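The values are calculated or read from the model by the stated rules, or taken from the named source; none is laboratory data. From a predicted model like this one, the values you see are computed outputs, not experimental measurements. So basically every Cβ, Gly included, is an ideal-geometry build from the backbone, and we count neighbours across all protein chains shown. Side chains are part of the model used for accessible areas, which takes the heavy atoms of the whole protein and leaves out ligands, DNA and RNA. Shrake-Rupley method; radii C 1.70, N 1.55, O 1.52, S 1.80 Å.
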Amino acid sequence: MIDENTLGAGALSRDGVSAEQALDEVRRLRADDRPTHGGRLFAYVYDPAVPGLDALTAAAHSESAHVNGLDPTAFPSLLAMENALVGAAGRVLGGGPGTTAPDVVGSVTSGGTESLILAVKAARDAHPEIGAPRIVVPSTAHAAFAKAAHYLRVALDVVPVSPDTLRPEPAAMAAAIGPDTVLVACSAPSYAHGVVDPVAEIAAVAAEAGVRCHVDACFGGWTLPYLRRLGAPVPAFDFEVPGVTSISVDLHKYAYAPKGVSVLLHRDAAGRAPQYFAYADWPGYTMINPVIASTRSGGPIAAAYATLRHLGDAGYLRLAATTRDAVTGLAEAVRAVDGLRLMVEPESTVVCFTATKGGPDLFVLVDELTARGWHTQPQLSYADLPASVHLTVTASVAPRVAEFGPDLVAAVAAARATGPVRLPAELASLVGTLTPEALTPEVVAGLAAGLGLGGDTAGPLPDRMAVVNTLLDASPPAMRERLLVEFVGLLQRPSWGSAG
Ligand SMILES: Cc1ncc(COP(=O)(O)O)c(C=O)c1O
């Protein structure tokens with residue numbers, strides 16, 4: 001029961017605070033975040049550095065924030081904007097009037113993960129006769145496919161990629177297709193390395209087997225057609241390819257819309273039909289949802305609409321050119337450093353590098369780059385792929401490229417001087433002996449404290465993450481998963497104190 005003494009906790013103030021104070025608190029909390037603008041954060045954010053775009057999208061978002069996508073007949077504005085976004089995405093990805101995919105349809109979802117879950121759901125529910133459905137993906141396919149498989153009780157058949165090309169062999173994808181396969185998927189491009197899978201070959205083997213083929217273009221799919229128009233040798237990957245049945249593309253990535261908007265396209269309405277969920281067997285309103293969410297804010301959709309209208313085709317072409325130049329410059333900077341090598345020559349908007357034999361410890365290097373104001377993304381070793389450093393490059397990086405090279409050189413020198421991380425003996429032996437099942441909350445709390453994670457006084461995360469990354473890297477995937485779930489669980493605790 002709430003009584004006088006317990007009123008006000010966490011975000012709930014006792015009597016309410018002024019609008020100025022509420023906003024000030026948000027701004028103060030934001031001060032510890034990584035910089036979303038300025039071209040020094042190479043993951044999580046997509047910044048075109050277009051003056052005035054933030055103000056435009058904030059205004060558009062607020063215009064539609066309270067509109068509910070639950071019922072398109074009540075809010076035709078949202079339906080119109082969704083249809084316009086789907087039309088744009090369909091057009092960019094090779095569909096629409098006058099193409100070989102004139103009947104493309106789609107839905108706006110909250111993000112890439114939701115789009116992929118729905119692509120898998122549509123494929124699964126198109127085959128109610130298959131009791132134990134399966135999907136085939138390359139090992140570089142986004143983790144959201146594993147999440148979809150987990151949520152939807154669909155088995156995941158993972159095909160390894162070549163350590164040289166970072167792509168799966170179409171023949172291996174074909175061999176993985178069985179009678180219970182409902183979907184074959186590939187990436188254009190993959191997140192980790194930014195490479196485009198052999199979509200035409202994979203779609204052909206899927207079509208041959210009578211199985212749907214989804215192209216995950218969530219990450220860089222919006223940019224690839226523009227890079228091609230600029231002369232890059234981008235292979236066919238969209239609806240132009242026979243056998244491609246659905247494509248996802250995130251507008252909150254390279255279409256530079258604020259977070260919360262992706263588009264899932266199907267070649268035709270029949271392909272989309274099993275994506276819907278309709279329910280009339282209760283006394284409330286009849287529910288008909290094309291996507292997972294029921295109530296949906298119009299804010300992100302309106303913001304995405306305003307972004308596309310404002311930037312236009314010419315804007316995206318210009319931004320792709322700027323991004324391409326930034327990618328070229330960053331790749332040059334990496335090539336120039338002894339001890340580093342590109343995992344693969346960049347073919348989209350990713351620069352991914354690893355250390356050569358005798359090179360610096362990558363996790364220490366990432367910390368050294370952070371100390372110099374560059375926020376890169378470490379990727380753990382996996383199967384026969386080494387640990388690497390991932391840079392998602394956006395247009396905002398271009399003016400920073402000249403500063404990156406010297407800082408990379410200095411960071412590598414500092415990482416070499418520090419030497420590789422040596423796990424404390426007790427941690428190293430723990431990793432060797434522990435199984436995921438044996439990880440009790442007490443063991444995790446002890447581990448976290450030893451690593452400087454989740455402490456109440458020093459802030460939730462240490463400045464340097466190399467030891468944590470080394471520990472994770474030394475652990476098999478199942479153990480990584482358990483450790484991360486437990487660590488993040490330690491971070492996600494309610495705050496009971498109230499500012500008043
Ligand atoms: C290729 C690819 N697919 C799917 C996703 C998932 O997107 P989201 O984080 O919007 O759910 C990502 C995210 O980075 C991605 O790179």
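Over the range 1-79, the fraction of Cα-Cα pairs per 5 Å bin, rounded to whole percents and listed from the shortest bin up, is 3, 10, 11, 13, 16, 15, 15, 11, 5, 2, 0.
Rounded to the nearest percent, how much of the accessible area of the range 384-500 (1.4 Å probe, protein heavy atoms only) is carbon and sulfur? Kindly include the intermediate steps, with their values, before the conclusion.
Numbers: 3880 of 6140 Å².
Of all accessible area on the range 384-500, carbon and sulfur atoms account for 63 percent.
For the range 409-426, the Karplus equation 6.51 cos²θ - 1.76 cosθ + 1.60, evaluated at θ = phi - 60°, returns couplings of 4, 5, 5, 5, 4, 5, 5, 5, 5, 5, x, x, 5, 10, 5, x, 3, 5 Hz by residue, with Gly and Pro reported as x. Counting only chymotrypsin sites (Phe, Trp or Tyr not before Pro) that DSSP places in a loop and that have at most 13 other Cβ atoms within 10 Å, the longest clean stretch of the chain runs over 45-284. Annotation: per residue accessible area for the range 128-268 equals 35 Å², rounded to a whole number [probe 1.4 Å, protein chains only]. Computed packing ranks the peptides 65-76, 96-107 as 96-107, 65-76, most packed first, by mean other Cβ atoms within 10 Å. Backbone phi angles across the range 286-299, fed through the Karplus curve with coefficients 6.51, -1.76 and 1.60 (θ = phi - 60°), yield HN-Hα couplings of 5, 9, 9, 10, x, 10, 6, 5, 9, 5, 9, 5, x, x Hz in residue order; Gly and Pro are listed as x.
I'd like the carbon and sulfur percentage of the solvent accessible area for the range 106-170, probe radius 1.4 Å, heavy atoms only, ligands and nucleic acids excluded. Present the calculation step by step, with values, prior to reporting the outcome.
On the way: 1410 of 2650 Å².
Looking at the range 106-170 in its full context, I get 53 percent from C and S.
When the charge dipole of the chain is built from unit charges on Cβ atoms (+1 for Lys and Arg, -1 for Asp and Glu) and taken about the Cα centre, the candidate among Pro51, Ile292, Pro441 whose Cα reaches farthest toward its positive end is Pro51. Dipole check for the chain: with +1 at the C-beta of Lys and Arg, -1 at the C-beta of Asp and Glu, and the Cα centre as origin, the magnitude is about 600 Debye. What separates the Cα centres of the range 427-451 and the range 149-212 is a distance of 35 Å. Considering helices alone, the calculated mean residue ellipticity of the chain at 222 nm is -12500 deg cm²/dmol, with DSSP H runs of length four and up weighted by -39500 (n - 2.57) and normalised per residue.
Based on alpha-carbon atoms only, what is the radius of gyration of the range 317-403 relative to the globular estimate 2.2 N^0.38 Å?
The value comes to 1.07.
Counted over the chain, the DSSP beta bridges are approximately 60% antiparallel.
What number, in nm² with one decimal, is the all-direction average of the projected area of the convex hull of the alpha-carbon atoms of the chain?
Values: hull surface 107.5 nm².
Mean projected area of the Cα convex hull: 26.9 nm².
Say the dipole of the chain comes from +1 at the beta carbon of Lys and Arg and -1 at that of Asp and Glu; which of Phe145, Phe277, Ala478 then lies farthest toward its positive end? With unit charges placed on the Cβ atoms, the residue in question is Phe145. In sequence order, the range 22-32 has phi-based couplings of 4, 5, 4, 5, 4, 5, 5, 5, 5, 4, 8 Hz under the Karplus curve 6.51 cos²θ - 1.76 cosθ + 1.60, θ = phi - 60°, and Gly or Pro positions carry x. Here Ala445 and Leu230 are evaluated by their C-beta separation; at R0 = 56 Å the FRET efficiency comes out at 0.60. Per-atom-type breakdown for the range 284-340 gives carbon and sulfur 57% of the accessible area (1.4 Å probe, protein chains only).
Accessible area per residue for the range 296-454, computed on protein heavy atoms with a 1.4 Å probe, is 40 Å². Spin-label model, Phe277/Ala171: points 7 Å from Cα along the beta carbon direction are separated by 4.3 nm.
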